[in-house]
Amino acid sequence: MNPMSSARSTPTDRESASEVAKAAEVVEVVEVVEAVEAVEVVEPAHRRTPGRPRSERASRAIIRAALELLQEGVSVDALSVEAVAARAGVGKATLYRRWPNKEAVLLEALESLVEPQSRVEGGDVRQDVTMVVEELCRWVAESRSARLLPRLMSAPTLYGHYVRLVVDPRIAAVREVLAGGVRRGALADHSDVDTLSTALVGAVLSRVVLGDAAPEAPPGERAARIVDHVLAGHLTEDGASDGRD
């Protein structure tokens, strides 16, 4: 037998060697990938934007865009996901990753309109009620969110959500002041707090709901006029003279 022939690799030996080589290459590639992933990618300073993470910025931009379109006169029915995404400067896919449809976007958008209500300490009842109603008049005159009220009336779910979040707390603030006046004897016992608070708030919101474009008096003057008319016949002698020494 030729001694060199015994040193030659058999087919099985060659296949094993090939598999070992391939395995080594795979290990090397994995190590390279892991090394690359371990490196922290630092975005150039001129491309970094300060503030909230990108995902939260996108969400806030979408919510703001939806509200702006409604405030500008687009109806709920006419409002489209495409329009909201375009105004927000994002793609539709970005919007759909966060909300399933435009109704879900609008429901969350309305939650962003919630504002804390001022608390009145309980002094002169006429002055206290006027202060709360004046705040409501100022909100109607200066806040674009108040203009959403008539636009949402065609969408019962959205309208109900808006009323619970935005309008009801303002009615509750008026009701609380009136109830305090009844407890202190500044308002007559027969005074119906719910009816009076509805009348006061309704007088302020009527122009928004009815679309009255007539110029309004300054908030303080309009509030005082509404309060004097609604509370006429309900103020007791103590209430009428409260704080007027």
Go ahead and run the numbers for FRET between THR157 and ARG225, Cβ-Cβ distance against an R0 of 30 Å, rounding to 0.05. 0.25
Taking a 1.4 Å probe, which of LEU210, LEU158 shows the most accessible area, and what order do the others take after it? LEU210, LEU158
In square nanometres, what is the average projected area of the Cα convex hull of the stretch 164-229? 5.1 nm²
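Leaving out ligands, DNA and RNA, what percent of the accessible area of the stretch 146-222 is carbon and sulfur, probe 1.4 Å? It would help to have the intermediate numbers written out before the result.
Numbers: 2130 of 3680 Å².
Of the solvent-accessible surface of the stretch 146-222, carbon and sulfur hold 58 percent.
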Going toward the positive end of the dipole of the stretch 140-206, with +1 on Lys and Arg Cβ and -1 on Asp and Glu Cβ, which of LEU158, VAL177, LEU205 do you reach last? LEU158
Keeping all protein chains in the complex and leaving out DNA, RNA and ligands, what accessible area do you get for ASP189 with a 1.4 Å probe, in Å² to the nearest 10? 140 Å²
Using θ = phi - 60° and the Karplus curve 6.51 cos²θ - 1.76 cosθ + 1.60, what whole-Hz ³J(HN,Hα) does each residue of the stretch 97-105 get, with Gly and Pro shown as x? 5, 9, 9, x, 7, 5, 4, 5, 4
Taking amide H positions as placed in the peptide plane 1.01 Å from N, state which residues far from LEU187 in sequence (5 or more) or on other chains have amide H under 5 Å from it. VAL182, THR236
What number, in percent, do you get for the relative contact order of the stretch 61-171 if the mean sequence gap of Cα pairs under 8 Å and at least 6 apart is divided by its residue count? 33 percent
From the residues LEU113, ALA223, THR94, which one has its Cα farthest along the dipole of the stretch 93-227 in the positive direction, the dipole being from +1 and -1 charges on Cβ of Lys/Arg and Asp/Glu about the Cα centre? THR94
With a 1.4 Å probe and all protein chains kept in place, how much accessible area does GLU216 have, in Å² rounded to the nearest 10? 70 Å²
Label-point separation in nm, ASP77 to GLN117, each point 7 Å along Cα→Cβ: 3.3 nm
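Calculate, in whole percent, how much of the Cα-Cα pair population of the stretch 80-163 lies beyond 15 Å.
69 percent
Applying 1/(1 + (r/R0)^6) with R0 = 25 Å to the Cβ-Cβ distance of VAL208 and TYR96, what FRET efficiency is obtained, to the nearest 0.05?
On the way: r = 33 Å, r/R0 = 1.32.
After rounding to 0.05, the efficiency reads 0.15.
The values are calculated or read from the model by the stated rules, or taken from the named source; none is laboratory data. Since the model is a prediction, treat every value here as computed from it, not as a measurement. Neighbour counts are summed over all protein chains in view; Cβ atoms, including those assigned to glycine, are modelled from backbone coordinates with ideal geometry. Areas reflect the complete protein model, heavy atoms only, side chains present, ligands, DNA and RNA absent. Shrake-Rupley method; radii C 1.70, N 1.55, O 1.52, S 1.80 Å.
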